[in-house]
Each structure stands twice: as C-alpha cells, then as structure tokens.
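Novice: Please find one structure pasted underneath; my questions will follow.
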Amino acid sequence: MSLAAVAPELKQPSPGEPVVVFENVTIGFENKPVLNNISFTVKPGETRILLGPAGVGKSVLLKMADGLLRPDSGRIFVFGEEVSSMPEEDLFALRARIGIVFQEGALFDSLTVRDNVGYRLMQEHLPDEEIDRRVIEALRFVELEHTLDKLPSELSGGMRRRVAIARAIITKPDLILYDSPTGGLDPITSTTIIALVMKQRDVYRTSSLLVTHRLQDAFVLASHRFNREANAMEPLPEGHSDPQTSFLVLSEGRLVFDGSTHDLVHSDDPFLKEYLS
Amino acid sequence: MTQALATLDRAAKKGVSAVQQYALISGRALSNLFRRPFYGADIITQADIIGVGSIPIVILTGFFTGGVLALQSASTLAQFGAAAVTGQLVALSMIKELGPVLTSLMVSGRNASGMASELGSMMVTEQIDAMRALGTDPLKKLVMPRITATIIMLFFLTIISDAIGIMGGAAVSVFLLGQDGSQYFHTAYQSLRYPDILQGLVKPLIFGLIIATIGCYYGMTTRGGTQGVGRSTTQAVVVSSVLIIASDFVISRFMIGIFGR
C-alpha cells in the first residue's frame with residue numbers, strides 16, 4: 001500500500017502563501033537556549049540562505065522546519081500545516097513534500113546507492129521498474145548514474161553529498177532543506193554541489209532553505225544563475241543578484257538579518273560587517 | 001549542601017526522564033506491531049540475526065552448564081546416597097533457572113550490544129533522522145522488529161538450551177560418572193511438572209522483552225559520536241544483564257507463590 005493511500009489529506013496552501021513560516025520560535029537543550037524568538041518566512045520558489053557562525057543553531061532550525069525537532073515555544077508552519085504541534089504520523093505524510101540533505105549526507109550505510117536514492121519509493125511499494133527509472137533519473141541530475149550498485153563507503157565525500165541530493169529530489173519535493181551541503185568539501189567539489197543546488201532552484205523553481213557557514217558558496221548562489229543549454233552556472237551581470245535568493249543571518253541564537261543580497265552587503269551592522277569581511 | 005541537593009535533584013530528574021523515555025520508546029514500538037505498514041521481512045531478518053546467529057553460543061553454554069551441574073551435584077548427592085537423582089536436579093535446574101537465565105545473558109551480551117551499537121551509530125550519523133525525513137517511523141521499522149524477533153527467538157533458544165543442557169548432564173553422568181543413562185532420563189522426566197515448564201517458558205518472554213527494549217533504548221538515545229556509541233553499547237549489556245537477574249528473582253517468587261514449586 002502506498003503512503004499516499006494511508007496518509008491523511010494535507011491542506012493545500014493558497015498560491016503566494018509562504019511555504020515556511022517561523023513565528024517567534026525558541027528552542028534550547030539542557031536548559032541552554034539555542035535559538036531565541038526566530039521569525040521569518042520562505043515564499044514559493046524562493047531560496048533562503050541561512051548564514052551564521054558554527055554552532056549557532058542553523059541545523060537545529062532546519063530540523064525544526066522538517067518537524068524532526070519541536071520548538072519549546074513559537075509556531076512553525078510548512079505548506080500551511082503547523083508542524084510544531086503535528087503528531088509524528090501526520091508529519092510522515094507532510095515530509096513526502098519536503099526533501100532534506102543532511103550535513104554529512106546521512107546515507108544508509110548498509111544500502112546501495114540505488115536503495116538509498118529509491119528508499120522512499122521502496123517504502124511506497126512502487127514497482128521495481130519505476131523505482132529504477134526514477135532513481136536513474138535522479139542520479140543523472142547529479143551525474144552519478146554509474147554508482148547505482150555501490151555502497152556509500154565506496155564513494156568520496158562529494159559523491160555521497162550528491163547522492164544525498166538525488167535522494168532528496170527523487171520525489172520532486174516542493175521544498176528542499178539543505179544542511180551545509182558543502183561542509184567539509186574541497187572548493188572544486190563545493191562548486192559542483194552549489195551548481196546542483198542552483199540547477200534545482202533555476203530549473204525546477206523549488207523553494208529551499210539552505211544552511212551554510214561558507215560565505216563564498218552563499219554569494220555564488222546569489223550572484224549566478226544556471227544555464228540549461230550549457231548545463232553550467234554562469235555569473236549574472238555585474239551588480240545583479242538572483243531576486244529569488246535572499247539571506248538570513250543568525251548570531252548568538254537570534255536572527256540578526258533578514259533581507260536581500262544587496263541589503264546584506266550594504267548593511268551597516270557591525271556584526272555583519274565583521275562577519276562578511 | 002545546597003549544591004549537593006541541586007545535584008541530587010538533577011540526577012533524580014534525569015533518572016525519571018530516562019525511565020519515561022524508555023517506557024515511551026518501548027510502548028510506541030510495541031503498539032506499532034498492530035499498525036500498518038507491517039515490517040514482516042524485517043522481523044524475519046532480525047529473527048535470523050538474533051535467533052539463528054545465537055544458536056552456536058546457546059548450544060555450547062547449554063551443554064557445558066548441564067555438564068558442570070551434573071559433575072558438581074553428583075558428588076554432593078552421593079554423600080546422601082542420592083546420586084541417582086542427578087538427572088532430576090539437572091533437569092529442574094536447567095528448565096526452571098539456568099536455561100532461561102544463561103541463554104538470556106548470552107543473547108544479551110551478543111544482541112543488546114549489537115542493537116545499541118547499530119542504532120547508536122545510525123543516531124550519531126543522522127541516519128535515524130534521515131529515515132524519519134523519508135517518511136519511515138524508525139520505531140516501527142527498526143525497534144518493533146527487534147523486540148518481536150528477540151521475544152520469539154529467545155523462547156525457542158531457551159528450549160534448545162534446556163534440551164542441550166540435559167543432554168550435557170547426561171553425557172557427564174554416563175561417560176564420566178558411570179551412572180545409568182536410562183535412570184538419568186527417567187528421574188529427569190518423572191520430576192518435571194507443568195508449572196516447572198511454564199516457569200521456564202515464561203521467563204524467556206520477559207527476558208527477551210528486556211534485552212530488546214534496553215538495547216534499542218540505549219541505541220535510540222545515543223549522543224556524542226563514536227564515544228557515545230561505545231558508552232551505549234556497554235550500558236545496554238550491563239543494564240539488561242542486571243535486569244534479567246533481578247526480574248528472574250521476581251518471576252520465580254511470583255510463580256512459586258502461584259504454583260507452590
């Protein structure tokens with residue numbers, strides 16, 4: 001039986017309604033506050049880049065958006081559904097519309113690339129032929145269709161991250177959450193990953209929330225677009241930035257910036273100036 | 001003094017929270033047995049790993065436990081002229097106590113640690129989060145099959161252990177102590193009553209539940225990288241072993257209270 005058959009029907013958001021809404025969200029662990037009173041939105045087709053120093057709570061925020069963690073206070077809405085108070089059973093259905101790329105990929109180490117990428121389809125008991133077709137299609141997107149029968153341990157760090165992206169996009173989600181997709185990778189591999197994120201943004205117009213502490217990756221995303229004909233990214237004209245890409249900056253558990261690329265680079269805030277320098 | 005009280009308060013709260021979390025994980029996993037989707041293939045895989053994989057150690061420990069029981073008891077019984085009831089002593093001891101307890105301790109050492117380390121590694125590498133994000137309930141997919149498989153397989157492993165233990169006692173009695181084989185089996189069979197069998201078969205069901213829930217609880221609550229996985233593995237074995245021995249006493253007292261033997 002497919003998940004869709006057993007899942008409760010989800011509320012469809014009206015056009016233009018934000019895909020993700022954080023309302024005064026606060027969370028802490030073992031009596032230590034991590035995020036304090038965070039509010040922001042992600043609109044349809046928008047890519048929001050979440051910047052901040054390491055350990056500031058960026059990954060925690062992303063996991064809350066997927067309902068993997070619950071806030072201590074405040075409300076989180078995804079596709080109009082309040083994920084902060086939803087039972088886990090209902091969240092499973094909602095997550096079918098969300099793709100997530102974890103920090104280290106989080107691939108199942110005992111499953112092959114094919115089974116990792118097609119995991120959700122296998123759980124829905126789709127026919128093997130359809131699973132194979134869609135897995136190859138997703139792997140082709142990340143240019144790794146030759147790794148089908150390999151185990152994650154046989155892949156490089158960058159390849160594992162690309163497989164994780166393929167796993168996240170296989171169901172053509174309406175929202176993708178990227179948790180430091182380039183963390184720990186060399187600059188060339190990072191550029192490959194950023195190009196894939198950009199391809200997903202510009203080709204499929206998928207809403208996304210991307211966490212990173214690498215400024216160069218964030219600004220490449222904001223200042224480039226994906227050229228479908230050339231199958232490569234290319235810089236936007238001088239002084240232009242992607243209008244659908246904007247920034248959020250966290251510092252000491254608080255959201256200190258929420259705005260466009262232009263506003264970020266021209267901000268007079270001392271912390272932002274120091275952080276960006 | 002105030003600091004000591006605060007430390008005690010924190011420790012007590014941590015303890016209560018751990019028990020609460022254990023109960024929640026175990027309860028939710030068990031209730032999943034009756035909810036769709038049903039992971040039958042995972043139960044069979046776990047039954048193979050936990051049950052079939054444990055047969056060699058269960059056979060070895062069962063055989064030598066029965067053997068040493070016959071060896072030690074025969075000399076003591078001989079002082080009272082009762083060496084002929086060696087079979088009775090071995091059979092009752094194996095079926096009521098040593099079979100279930102030793103088998104459970106062996107399975108605990110092998111599988112509670114395995115569950116804690118496997119699930120713990122998945123926790124620290126975010127594979128459990130990934131599973132949830134991909135729409136699968138890890139309590140249903142990972143924990144429920146382990147609990148079900150352990151309870152079922154420990155029941156049968158205990159029967160194997162009991163039988164092999166009695167055979168081990170027979171081998172020692174006949175080949176080392178020169179006793180009569182048919183007398184050994186006759187006294188063993190004649191002394192057994194249904195309450196003894198019942199006691200010996202109820203215990204592995206409870207012990208199986210303890211092994212799997214403790215192993216999975218420590219695995220699913222692992223924090224702190226590879227060091228955390230090591231800590232969870234050790235704690236799972238220690239806690240499940242202590243709980244097996246403690247609950248054995250409680251079950252024995254309860255059964256003796258009901259059946260009078």
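Novice: Just to verify a result, which residue in region B:132-162, among those that are touching a residue at least 24 places away in the same chain (Cβ under 8 Å) and within 14 Å of chain A (Cβ to nearest Cβ), is farthest from the chain's Cα centre (by Cα)? Outline the logic, then answer.
Specialist: Residues of region B:132-162 touching a residue at least 24 places away in the same chain (Cβ under 8 Å): B:137-162.
With within 14 Å of chain A (Cβ to nearest Cβ) added as a condition, the list becomes B:137-143.
Numbers: B:Asp137: 26, B:Pro138: 23, B:Leu139: 21, B:Lys140: 22, B:Lys141: 22, B:Leu142: 19, B:Val143: 16 Å.
Per the criteria, the residue is B:Asp137.
Novice: Just to be sure I understand, how many residues within region B:215-251 are surrounded by fewer than 15 Cβ atoms within 10 Å (Cβ to Cβ) and under 20 Å from B:Leu205 (Cβ atoms)?
Specialist: Adding up the residues that qualify gives 5.
Novice: Right, here's the next one. For residues that are part of a loop (DSSP other than H, G, I, E, B) and over 13 Å from the mean Cα position of the chain (by Cα), scanning just region A:181-194, find the one that is farthest from A:Arg225 (Cα to Cα).
Specialist: At the first step, the residues of region A:181-194 found to be part of a loop (DSSP other than H, G, I, E, B) are A:181-186.
This time we only want the ones that are over 13 Å from the mean Cα position of the chain (by Cα), so: A:183-186.
Details: A:Gly183: 22, A:Gly184: 24, A:Leu185: 22, A:Asp186: 22 Å.
Filtering region A:181-194 for residues that are part of a loop (DSSP other than H, G, I, E, B) and over 13 Å from the mean Cα position of the chain (by Cα), the one farthest from A:Arg225 (Cα to Cα) comes out as A:Gly184.
Novice: Would you check if there is a residue in region A:60-78 being facing chain B (nearest Cβ under 8 Å), among the charged types (D, E, K, R), touching a Pro at 6+ places or on another chain (Cβ under 6 Å) and not in a helix (DSSP H, G or I)?
Specialist: no
Novice: Could you list all residues from region B:31-52 that are crowded, with 17+ Cβ neighbours inside 10 Å and assigned to a helix (DSSP H, G or I)?
Specialist: Matches in region B:31-52: B:Asn32, B:Asp42, B:Ile43, B:Gln46, B:Ala47, B:Ile49, B:Ile50.
Novice: Report the residue count in region A:84-135 for those that are in a loop (DSSP other than H, G, I, E, B), at the interface with chain B (Cβ under 8 Å from one of its Cβ atoms) and of a type in the set (Gly, Ala, Ser).
Specialist: Final tally of qualifying residues: 1.
Novice: Then there is this: Kindly check whether there is at least one residue in region B:226-237 that is out of contact with any His (no Cβ under 9 Å at 6 or more places or on another chain) and not in a helix (DSSP H, G or I). Working first, answer last.
Specialist: We begin by selecting, within region B:226-237, every residue out of contact with any His (no Cβ under 9 Å at 6 or more places or on another chain); these are B:226-237.
So of that shortlist, the ones also not in a helix (DSSP H, G or I) come out as none.
No, that holds for no residue.
Novice: Restricting to region B:217-245, name every residue that is among the charged types (D, E, K, R) and free of Cβ contacts under 8 Å to residues at least 12 places away in the same chain. Walk me through it before giving the result.
Specialist: Just the residues of region B:217-245 that are among the charged types (D, E, K, R), to begin with: B:223, B:231.
Correct list: B:Arg231 only.
Novice: Are any residues in region B:111-131 small (Gly, Ala, Ser), within 10 Å of chain A (Cβ to nearest Cβ) and buried (at least 24 other Cβ atoms within 10 Å of the Cβ), and if so, which ones?
Specialist: At the first step, the residues of region B:111-131 found to be small (Gly, Ala, Ser) are B:112-114, B:116-117, B:120-121, B:130.
Checking the rest, the ones that are also within 10 Å of chain A (Cβ to nearest Cβ) come to B:121, B:130.
Result: B:Ala130, single match.
Novice: Considering B:Thr65, B:Thr61, B:Thr103, B:Thr86, which residue is touching a Gly at 6+ places or on another chain (Cβ under 6 Å), polar (S, T, N, Q) and buried (at least 18 other Cβ atoms within 10 Å of the Cβ)? Step through it out loud before you land on a result.
Specialist: Values: B:Thr61 fails: touching a Gly at 6+ places or on another chain (Cβ under 6 Å); B:Thr103 fails: touching a Gly at 6+ places or on another chain (Cβ under 6 Å); B:Thr86 fails: touching a Gly at 6+ places or on another chain (Cβ under 6 Å).
Of the residues listed, the single one that is touching a Gly at 6+ places or on another chain (Cβ under 6 Å), polar (S, T, N, Q) and buried (at least 18 other Cβ atoms within 10 Å of the Cβ) is B:Thr65.
Novice: Considering only region B:92-126, state which residues are farther than 27 Å from B:Gly53 by Cβ and either touching an Asp or Glu at 6+ places or on another chain (Cβ under 6 Å) or in a helix (DSSP H, G or I) (or both). I'd like the intermediate steps shown before the answer.
Specialist: At the first step, the residues of region B:92-126 found to be farther than 27 Å from B:Gly53 by Cβ are B:92, B:126.
Within region B:92-126, just B:Leu92 meets the criteria.
Novice: Just to be sure before I move on: is A:Asp179 within 30 Å of A:Glu17 (Cβ to Cβ) and surrounded by 18 or more Cβ atoms within 10 Å (Cβ to Cβ) in the structure I sent?
Specialist: In short, yes.
Novice: Let me ask something else. Among the residues in region B:205-214, are any closer than 19 Å to B:Gly114 by Cβ, of a type outside the set (Phe, Trp, Tyr) and touching a Pro at 6+ places or on another chain (Cβ under 8 Å)?
Specialist: At the first step, the residues of region B:205-214 found to be closer than 19 Å to B:Gly114 by Cβ are B:207-214.
Remaining after also requiring of a type outside the set (Phe, Trp, Tyr): B:208-214.
Among the residues that remain, those that are also touching a Pro at 6+ places or on another chain (Cβ under 8 Å) are: none.
Scanning region B:205-214, I find no residue that is closer than 19 Å to B:Gly114 by Cβ, of a type outside the set (Phe, Trp, Tyr) and touching a Pro at 6+ places or on another chain (Cβ under 8 Å), so the answer is no.
Novice: On the given criteria, is B:Ser108 surrounded by fewer than 22 Cβ atoms within 10 Å (Cβ to Cβ) and modelled with pLDDT of 95 or more? Spell out how you get there, then give the answer.
Specialist: Numbers: surrounded by fewer than 22 Cβ atoms within 10 Å (Cβ to Cβ): no; modelled with pLDDT of 95 or more: yes.
So B:Ser108 fails the test.
Novice: Also: Counting just the residues of region A:136-180 that are among the polar types (S, T, N, Q) and assigned to a helix (DSSP H, G or I), which one comes out nearest to the other protein chains (Cβ to nearest Cβ)?
Specialist: Within region A:136-180, the first condition is being among the polar types (S, T, N, Q), and the residues that meet it are A:147, A:153, A:156, A:171, A:180.
Filter again for assigned to a helix (DSSP H, G or I), leaving A:147, A:153.
Values: A:Thr147: 18, A:Ser153: 12 Å.
Looking at the filtered set, the residue picked out is A:Ser153.
Novice: Could you look through region A:30-82, keep only residues that are among the acidic types (Asp, Glu) and without any contact (Cβ under 8 Å) to a residue 40 or more places away in the chain, and pick out the one that is surrounded by the most Cβ atoms within 10 Å (Cβ to Cβ)?
Specialist: Applying the filter and picking the extreme gives A:Glu82.
Novice: Does region B:187-194 include one or more residues that are surrounded by 18 or more Cβ atoms within 10 Å (Cβ to Cβ) and in contact with a strand residue (DSSP E or B) (Cβ under 7 Å, 6 or more places away or on another chain)?
Specialist: No, region B:187-194 has no match at all.
The values are calculated or read from the model by the stated rules, or taken from the named source; none is laboratory data. For clarity, every value in this text was computed on a predicted model and none was experimentally measured. Glycine also receives a Cβ, built like all others from the backbone with ideal geometry; neighbour counts cover every protein chain displayed.
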